[in-house]
Amino acid sequence: MLDALIQGILLGGYYAILAAGLSLMFGVVRFINLAHGDLAILGAYLVLFGVEILGLSPLAAVLAMLPVMALAGWIMQRLLFARALGSGVLLPLLVTFGLGAVLQNTMFGLFGSDTRSLGNHIGSLSWSSWQMPFGISLGKLPVITFAVAVAALVALQLMLSFTKIGRAIRATSSDPEAAELSGVNARKVHRAAAAIAVALAGLAGAFLAMRALINPYAGPTQLIFAFEAVVIGGIGSLWGTLAGGIVLGVAQSLGSTFSAQWFQLAGHLVFLGVLGARLYAAHAHHHGGWRAALKLPRTVQPRAVEEDLP
């Protein structure tokens, strides 16, 4: 159980990277990107292209992929997301759903349907580990993934706190209209947020390809994991994504100790439990507290009329 707990915490690092971009997009742009998982898979395939076709090292391929994904996010925000945002609630969901379908079929056409992995290109890093007391084994790749997740979140936090664009992002997230009145260009801020979010998705996809097999249609599953981590950790919370990712990873890891089928099911159950608790808390707050929320509606008794009286 202790080993499963530690492995779940390390797995949470991957989920944190995956969920950070989704949380940033919702927190700043107020936009739910249903193609987020497919963008992560696209980032993985770009790294594979750099390694297998261009002959780059895995690290160089990842570093080359990040600005490409950031540029793609900037372009999508300008040409697609911004226009969809001004057309109600449903259109953004339809646009990103369609974008995901286009990405899936494009990757299928370019790379085929065979499963691929970066594990063959990173040598012993994909399987080597450090042996700890009590028979605990720490995989080097999961530890590196968790360290990169923490480093990415720290860098993002420093950027939001101490840079001009970071302050503009925070201002736009808090009150877009007031930020506009203060001279902040909300459209440029949204494009910057989208670029960061898509680059983070690509980074998560690269780590996924290092630890598992991928295919062009693996994106929706990753979207579900990212969405669950965001909801568990709190929507729009930067460090909440790390906490949510850890909770999700621990739930999946502990679930797998009982049965292989419980790996995903345990995470889904924790997500549903947290979501139900949040909805119930919101209902209780709206109706005057927990005690009021627990009260059942009174049964309305029909009044007697004269014809029914003796």
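Worth pointing out:
- Cα centroid separation, segment 105-149 to segment 237-263 (Å): 18 Å
- Ordering SER23, LEU59, ALA178 by the projection of their Cα atoms onto the charge dipole of the chain, which places +1 on the Cβ of Lys and Arg and -1 on the Cβ of Asp and Glu, puts ALA178 at the extreme positive end.
- Ordering of 141-147, 198-204 by burial proxy (mean other Cβ atoms within 10 Å per residue, highest first): 198-204, 141-147
- Relative contact order for segment 2-291, counting Cα pairs under 8 Å that sit 6 or more residues apart, in percent: 39 percent
- In this calculation the C-beta distance from SER259 to VAL68 is compared with R0 = 45 Å, giving a FRET efficiency of 0.65.
- Choice from MET159, MET65, MET132 showing the highest fluctuation, given a GNM over the chain with Cα pairs closer than 10 Å: MET132
- Cβ-placed point charges (K, R +1; D, E -1), dipole of the chain about Cα centre in debye, nearest 20: 680 debye
- With R₀ set to 22 Å, the beta-carbon distance separating ILE224 from LYS188 gives a calculated FRET efficiency near 0.10.
- Put simply, the amide H of SER129, placed in the peptide plane, has neighbours under 5 Å in LYS140, leaving out anything fewer than 5 places away on its chain.
- Using a Förster distance of 30 Å, the FRET efficiency for MET159-ASN105 (Cβ separation, nearest 0.05): 0.30
- Estimated D of segment 2-291 in µm² per second, where Rh is the Kirkwood radius over Cα pairs and Stokes-Einstein applies at 20 °C, 1.002 mPa s: 109 µm²/s
- Mean Cβ count within 10 Å, highest first, over the residues of peptides 87-94, 98-105: 98-105, 87-94
- J(HN,Hα) series, segment 175-188, from Karplus relation 6.51 cos²θ - 1.76 cosθ + 1.60, nearest Hz, glycine and proline x: 7, x, 5, 5, 5, 4, 5, 8, x, 7, 8, 4, 5, 5
Readers should treat all values here as calculations from the given coordinates under stated rules, not as data from a laboratory. Because the structure is a prediction, the values reported are computed rather than measured. Glycine gets a Cβ as well: all are built from the backbone with ideal geometry, and neighbour counts include every protein chain shown.
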